[in-house]
Amino acid sequence: MAARAAIVVGVGAQSGLGAALACRFAREGLCVVLVGRTLERLELVATDIRANGGKARVAVADVTNEDEVTALFNTLEAPETLELVAYNVGSNVMVPSLEMHAADFEDMWRQNALGGFLIGRQAIRTMLPCKRGSVIYTGATASLRARPGFMAFASAKAALRAVAQGFAREFGPQGIHVAHVVIDGVIRGDYARERFAGFVKAKGSDGLLELDDIAETYWTLHQQPRSAWTHELDLRPFKEAF
């Protein structure tokens with residue numbers, strides 16, 4: 001039986017969504033390729049996975065670079081079958097619109113829309129011969145609406161949502177499940193604790209999304225029968241207003 005593989009793009013902190021997704025997929029027996037920009041952080045997550053009996057490899061890559069994305073998928077080892085790809089890239093910064101530099105606006109678009117397209121395209125190319133597999137994109141509240149200070153982030157996430165929808169409509173009938181998950185709230189993890197400590201404290205114990213619960217939802221999406229696929233869903237704490 002061919003080994004089953006998954007690729008998680010956007011793995012940073014040990015207490016972060018990328019790491020939680022990788023750990024969840026590894027528990028199901030998938031060999032997980034961890035992709036990010038910092039080797040040391042990737043190795044920490046890979047070590048955790050291996051310590052718990054899973055299989056993991058690491059790859060440092062710029063997902064906005066077409067050649068690097070192609071090389072990333074070439075690291076899959078025969079006879080591995082690529083079963084699942086999660087795209088979890090895209091940093092969020094608050095900058096007033098009139099103070100946003102064009103280069104920063106473009107960089108945010110490249111991380112989300114361009115990177116999401118390049119990874120999705122290569123993932124689907126790899127999965128199509130078997131006519132099965134899942135590509136899951138991490139979206140945000142900003143995927144659906146822009147707010148002051150977050151125009152660049154919202155435009156980038158909205159573009160990523162369009163990429164996901166385009167792939168889903170084109171390749172769903174060929175057996176590839178493409179899903180987009182709107183994270184409508186703040187995730188309990190290192191990123192929020194470091195950047196929004198006051199906000200995290202104000203939300204309280206039940207006001208944040210839990211990493212393991214989000215990861216479980218991603219795995220559930222991957223496991224869905226093809227007669228009832230979900231393309232888009234939104235996740236938020238029960239106390240979060242919307």
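The values are calculated or read from the model by the stated rules, or taken from the named source; none is laboratory data. All values derive from a computational prediction rather than experimental measurement. Neighbour counts are summed over all protein chains in view; Cβ atoms, including those assigned to glycine, are modelled from backbone coordinates with ideal geometry. Please note that ligands, DNA and RNA were not included when accessible areas were found on the heavy atoms of the full protein model with its side chains. Shrake-Rupley method; radii C 1.70, N 1.55, O 1.52, S 1.80 Å.
A few points about this structure:
- Within the range 33-60, the set of residues being surrounded by fewer than 22 Cβ atoms within 10 Å (Cβ to Cβ) and of a type in the set (G, A, S) comprises A51, G53, G54, A59.
- Taking the range 62-88 as the range and being free of Cβ contacts under 8 Å to residues at least 40 places away in the same chain and not polar (S, T, N, Q) as the test, the residues that pass are D62, D67, E68, A71, A78.
- L211 vs. criteria farther than 19 Å from G16 by Cα, open to solvent by less than 70 Å² (accessible area, probe 1.4 Å), in contact (Cβ under 8 Å) with a residue 40 or more places away in the chain and of a type in the set (A, V, I, L, M, F, W, C): no
- Test: residue in the range 34-41 that is part of a helix (DSSP H, G or I), at negative phi and touching a strand residue (DSSP E or B) at 6+ places or on another chain (Cβ under 6 Å): yes
- The residues of the range 139-193 that are touching an Asp or Glu at 6+ places or on another chain (Cβ under 7 Å) and among the basic types (K, R) amount to a single one, R188.
- Restricting the range 166-191 to residues that are within 27 Å of A13 (Cα to Cα) and small (G, A, S), the residue that is modelled with the lowest pLDDT: G189
Let's see how each residue does on (1) touching a helix residue (DSSP H, G or I) at 6+ places or on another chain (Cβ under 8 Å); (2) at pLDDT below 90; (3) open to solvent by 70 Å² or more (accessible area, probe 1.4 Å); (4) not hydroxyl-bearing (S, T, Y):
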{"position": "A86", "(1), (2), (3), (4)": "yes, no, no, yes"}
{"position": "G90", "(1), (2), (3), (4)": "yes, yes, no, yes"}
{"position": "N112", "(1), (2), (3), (4)": "yes, no, no, yes"}
{"position": "G116", "(1), (2), (3), (4)": "yes, no, no, yes"}
{"position": "C130", "(1), (2), (3), (4)": "no, no, yes, yes"}
{"position": "T141", "(1), (2), (3), (4)": "no, no, no, no"}
{"position": "A152", "(1), (2), (3), (4)": "yes, no, no, yes"}
{"position": "L160", "(1), (2), (3), (4)": "yes, no, no, yes"}
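- Just one of the listed residues (A152, A103, A123, A168) is of a type in the set (G, A, S) and under 15 Å from the mean Cα position of the chain (by Cα), and it is A123.
- Residue check, V11 closer than 26 Å to D213 by Cβ, of a type outside the set (D, E) and in a strand (DSSP E or B): no
- Checked against (1) in a loop (DSSP other than H, G, I, E, B); (2) open to solvent by 40 Å² or more (accessible area, probe 1.4 Å), A71 meets all criteria but (1).
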